[in-house]
Amino acid sequence: MVQPFFKILFAEDNETSAELLIHFLERFNFEVDHVVDGMAAELKLRKTKYDFILLDNMMPVLSGVRLASKVPDLNKNTPIVFLTASNEKEDVMAAAHSKQLVGYILKPFDPEKLLQKIVSVLKIPEDMLVDKKKYPFSIERTQNVSYGNGVKLVGCPFQKNAEKIAQEIAFILKELPGVRKFFIEVGEEFYYHKKAQELLASLVTRLASKYEIKEEDILILSS
């Protein structure tokens, strides 16, 4: 069963802090769009429907409080959580009239507590939240009576790219014996990657080029 992804807009001008939190959230089935100022956040909110909004209050150009008061119509019902310093409580109170503001979290904070807040607000069932670290990625050589030689992709390729995976497959397969065709068996957890289909297509293209065969000669099987 392929699990859904939840889209989050994250507005934070501290890029180092943002990178750490994005890395944590995308370990689960969240897709995070990151911007560094309130104006950029407003533009995103005009064009894309999000499931959740994370706002740093003290941002350049447009503060989190001001942005919360003028959220574009497309995201008028999207819940908002402020990430704020302890000396900014008055700003948070000023924004409290917004029905979209579902809470605030003081910096520094525990990402696990933020995750719990998001899961609670979005009412995500326990069996719908995917922790990709529980499905470590590996590649195994295998054979099939009908299709011959191949490899099996096990787990979720979290933080893996097509080039790296193609190199690993080529190392496992070495040279193709006999008929220059092979198959790739793909486990269900592979599709926990937010761009699994694009990753798989790129993988096939790279391998077909390496072995100088047609892409149709690489068969994709589901396990």
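The values are calculated or read from the model by the stated rules, or taken from the named source; none is laboratory data. Quick caveat: nothing in here was measured; it's all calculated off a predicted structure. Glycine gets a Cβ as well: all are built from the backbone with ideal geometry, and neighbour counts include every protein chain shown. Keep in mind that these areas ignore ligands, DNA and RNA; they rest on the heavy atoms of the full protein, side chains included. Shrake-Rupley method; radii C 1.70, N 1.55, O 1.52, S 1.80 Å.
Values computed for the structure shown
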{"item": "Selection count where residues are outside any strand (DSSP E or B), open to solvent by less than 40 Å² (accessible area, probe 1.4 Å) and not charged (D, E, K, R), scope region 210-223", "result": "2"}
{"item": "Residues of region 25-57 satisfying the condition of being in a helix (DSSP H, G or I), under 12 Å from LYS7 (Cβ atoms) and open to solvent by less than 30 Å² (accessible area, probe 1.4 Å)", "result": "LEU25, LEU45"}
{"item": "Subset tally (residues that are aliphatic (A, V, I, L, M) and touching a Gly at 6+ places or on another chain (Cβ under 8 Å)) for region 1-57", "result": "2"}
{"item": "Total residues in region 103-155, condition open to solvent by less than 70 Å² (accessible area, probe 1.4 Å), at positive phi and either in contact with a Gly (Cβ under 6 Å, 6 or more places away or on another chain) or not in a strand (DSSP E or B) (or both)", "result": "1"}
{"item": "Selection within region 58-97 - open to solvent by less than 20 Å² (accessible area, probe 1.4 Å) and either more than 15 Å from LEU9 (Cβ to Cβ) or at pLDDT below 80 (or both)", "result": "THR84, VAL92, ALA95"}
{"item": "Matching residues, region 159-201, being under 19 Å from SER223 (Cα atoms), touching a residue at least 12 places away in the same chain (Cβ under 8 Å), in a helix (DSSP H, G or I) and not hydrophobic (A, V, I, L, M, F, W, C)", "result": "GLU188, GLU189, TYR191, TYR192"}
{"item": "Among the residues listed as LEU173, LEU200, LEU207, the single one being surrounded by 14 or more Cβ atoms within 10 Å (Cβ to Cβ), at pLDDT below 90 and under 16 Å from ILE139 (Cα atoms)", "result": "LEU173"}
{"item": "Extreme residue, most open to solvent (accessible area, probe 1.4 Å), among residues of region 2-24 that are of a type in the set (D, E, K, R) and over 30 Å from GLY187 (Cα atoms)", "result": "GLU15"}
{"item": "Residue list for region 176-197, filter: touching a Leu at 6+ places or on another chain (Cβ under 8 Å) and open to solvent by less than 90 Å² (accessible area, probe 1.4 Å)", "result": "PHE182, PHE183, ILE184, GLU185, VAL186, GLY187, PHE190, HIS193"}
